[in-house]
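J.: Can you keep this structure in mind? I'll have questions shortly.
The values are calculated or read from the model by the stated rules, or taken from the named source; none is laboratory data. Quick caveat, the model's predicted, so the values are computed rather than measured. Here the Cβ is made from the backbone with ideal geometry for all residues, glycine too, and neighbour counts use every protein chain on show. Keep in mind that these areas ignore ligands, DNA and RNA; they rest on the heavy atoms of the full protein, side chains included. Shrake-Rupley method; radii C 1.70, N 1.55, O 1.52, S 1.80 Å.
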Amino acid sequence: MGVTVDVAYKSLNKFTEVLCGDKVELLQTEDSNIMILADGMGSGVKANILATLTSKILGTMFLNGATLEECVETIVETLPVCQVRQVAYSTFSILQVFNNGDAYLVEFDNPGCIFVRNGELVPIPQNIREIQNKKINEYRFKVKKGDALILMSDGTIHAGVGQLLNFGWLWDDIADYAVRQYRVTISAARLAAAISRACDELYQFRPGDDTTVAVMRIIDRKPVHLMTGPAQDAKDDRDMVDDFMSGDYTTKRIVCGGTSANIVSRILEKPLKVTLDYYDPDIPPIAYIDSIELVTEGVLTLNRVLKLLKRYVKNEAVTEEFFLELDKPNGASMVAKMIIEDCTELQLYVGRAINSAYQNPGLPFDLGIRQNLVEQLKHTVEEMGKKVSITYF
């Protein structure tokens with residue numbers, strides 16, 4: 001069985017703190033996806049340093065094939081000792097899902113992973129190992145399409161302590177809420193945001209602890225092809241469109257740019273139908289070509305797409321209002337939504353032709369606006385844990 005994943009996380013900083021004491025690391029190997037959640041002791045700068053060191057060390061060692069014992073030993077010996085508490089302390093959870101459906105979970109002092117399958121909670125057995133005097137739960141299991149796995153820092157179970165709830169938000173209640181949200185949400189991003197928002201409300205929007213929810217959903221592979229800009233040599237138009245149209249029935253296709261849309265329409269011999277519906281005065285309306293999911297204007301739309309994706313990656317801006325904006329019917333929101341919620345790998349087809357309307361034609365291509373947008377788009381989408389490749393024409 002071949003599986004792929006949809007991953008997302010949402011963090012809340014402790015009230016008045018600029019830095020978050022939790023850190024999530026998303027990594028990929030040739031045959032697996034890895035999600036690491038580290039929670040540094042305390043809050044603020046020290047906690048952020050502890051969590052960052054822990055997640056980076058664990059990620060680097062796992063990628064290089066280190067054993068769990070070697071990872072824990074390195075963490076114990078590497079973390080700086082707090083001068084106040086005289087301990088070096090960071091809790092962590094590691095979730096690795098292989099393409100063949102095998103999964104590996106490691107938990108040290110974080111709240112237990114919530115495992116949802118077919119709308120029901122799946123219990124995770126206790127398999128405690130003691131390494132460097134630390135009790136660590138280790139679990140190997142199989143995943144299948146539709147599963148959701150949720151890692152959390154202890155800020156979730158502390159939500160509401162001494163305020164709305166006497167003893168915080170109990171794990172069982174969080175799990176019950178997660179199951180209910182699982183039944184109505186369509187993506188890891190919305191599931192993580194929903195649980196995080198509930199925690200924020202219990203804290204009365206003044207979190208008493210750093211709070212992080214990281215979600216991994218097992219889904220079908222969802223490739224997206226995005227074409228923007230005409231080829232440098234018009235003779236390559238057909239090759240560019242042929243590559244853009246490659247892939248199986250699961251592939252979704254986006255064309256960004258009026259010239260690109262006309263080229264696709266001409267090569268495919270299918271009419272280009274432009275709408276006049278301005279849902280946003282700053283974003284030109286979308287168009288339609290049969291067999292293409294989305295046709296938009298070029299540079300203006302891509303610039304807005306990039307801003308939305310960067311807000312998503314920054315994490316703190318991912319609120320209910322963000323998803324309302326993502327659901328708007330303008331071209332930029334529709335492209336961003338597809339990349340965030342309906343894409344596991346992005347293939348960009350970029351034409352090198354210079355558009356004198358956007359830049360000085362005397363400048364080299366790599367200094368052009370479109371090229372700059374494409375490179376930023378690639379790096380931003382990779383930060384989301386998705387694979388990105390670019391083909392230039």
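J.: Can you give me the ranges of the strands (runs of 3 or more DSSP E) entirely in the stretch 1-51 with at least 3 residues that are under 20 Å from residue 188 (Cβ atoms) and among the hydroxyl-bearing types (Ser, Thr, Tyr)? Explain how you work it out, then say what you get.
T.: Details: elements: 4-12, 22-28, 32-40.
Answer list for the stretch 1-51: 4-12.
J.: Output the strands (runs of 3 or more DSSP E) that fall wholly within the stretch 186-298 and possess 2 or more residues being open to solvent by 20 Å² or more (accessible area, probe 1.4 Å), farther than 25 Å from residue 371 by Cβ and not acidic (Asp, Glu), or say none.
T.: In the stretch 186-298, 211-219 are the strands (runs of 3 or more DSSP E) which contain 2 or more residues that are open to solvent by 20 Å² or more (accessible area, probe 1.4 Å), farther than 25 Å from residue 371 by Cβ and not acidic (Asp, Glu).
J.: Right, next: Looking at the stretch 52-66, which of its residues are of a type in the set (A, V, I, L, M), touching a strand residue (DSSP E or B) at 6+ places or on another chain (Cβ under 8 Å) and surrounded by fewer than 17 Cβ atoms within 10 Å (Cβ to Cβ)?
T.: 63
J.: With the checklist (1) open to solvent by 80 Å² or more (accessible area, probe 1.4 Å); (2) modelled with pLDDT of 90 or more; (3) more than 17 Å from residue 228 (Cβ to Cβ); (4) not in a loop (DSSP other than H, G, I, E, B) in hand, flag the one item residue 337 doesn't pass.
T.: Going through the list (1) open to solvent by 80 Å² or more (accessible area, probe 1.4 Å); (2) modelled with pLDDT of 90 or more; (3) more than 17 Å from residue 228 (Cβ to Cβ); (4) not in a loop (DSSP other than H, G, I, E, B), residue 337 breaks only (1).
J.: Then there is this: Report, by residue number, each residue of the stretch 5-26 that is within 18 Å of the chain's Cα centre (by Cα) and open to solvent by 30 Å² or more (accessible area, probe 1.4 Å).
T.: 9, 23, 26
J.: Restricting to the stretch 30-51, what's the tally of residues that are closer than 30 Å to residue 221 by Cα and open to solvent by 40 Å² or more (accessible area, probe 1.4 Å)?
T.: Going through the stretch 30-51 one residue at a time, the tally reaches 2.
J.: Scan the stretch 77-93 residue by residue and report those that are open to solvent by less than 60 Å² (accessible area, probe 1.4 Å) and either at pLDDT below 85 or touching a Leu at 6+ places or on another chain (Cβ under 6 Å) (or both).
T.: 79, 82, 88, 90, 93
J.: Next question, about the same structure. When you look at residue 251, is it among the polar types (S, T, N, Q), touching a strand residue (DSSP E or B) at 6+ places or on another chain (Cβ under 9 Å) and in contact (Cβ under 8 Å) with a residue 24 or more places away in the chain, yes or no?
T.: For residue 251, the condition - among the polar types (S, T, N, Q), touching a strand residue (DSSP E or B) at 6+ places or on another chain (Cβ under 9 Å) and in contact (Cβ under 8 Å) with a residue 24 or more places away in the chain - is met.
J.: Read through the list (1) within 20 Å of residue 70 (Cβ to Cβ); (2) loosely packed, with under 15 Cβ neighbours inside 10 Å, then give the number of the only condition that residue 136 fails.
T.: (2)
J.: Output the number of residues of the stretch 179-233 satisfying the condition of being closer than 28 Å to residue 34 by Cα and of a type outside the set (A, V, I, L, M). Walk me through how you get there before you give the answer.
T.: Step one: of the stretch 179-233, the residues closer than 28 Å to residue 34 by Cα are 179-200, 207, 209-226.
When the remaining residues are screened for being of a type outside the set (A, V, I, L, M), the result is 180-183, 185, 187, 190, 196-197, 199-200, 207, 209-212, 217, 220-223, 225.
Of the residues in the stretch 179-233, 22 are closer than 28 Å to residue 34 by Cα and of a type outside the set (A, V, I, L, M).
J.: Follow-up. State the number of residues belonging to the stretch 303-329 that are open to solvent by 10 Å² or more (accessible area, probe 1.4 Å) and closer than 23 Å to residue 263 by Cα.
T.: So the answer is 1.
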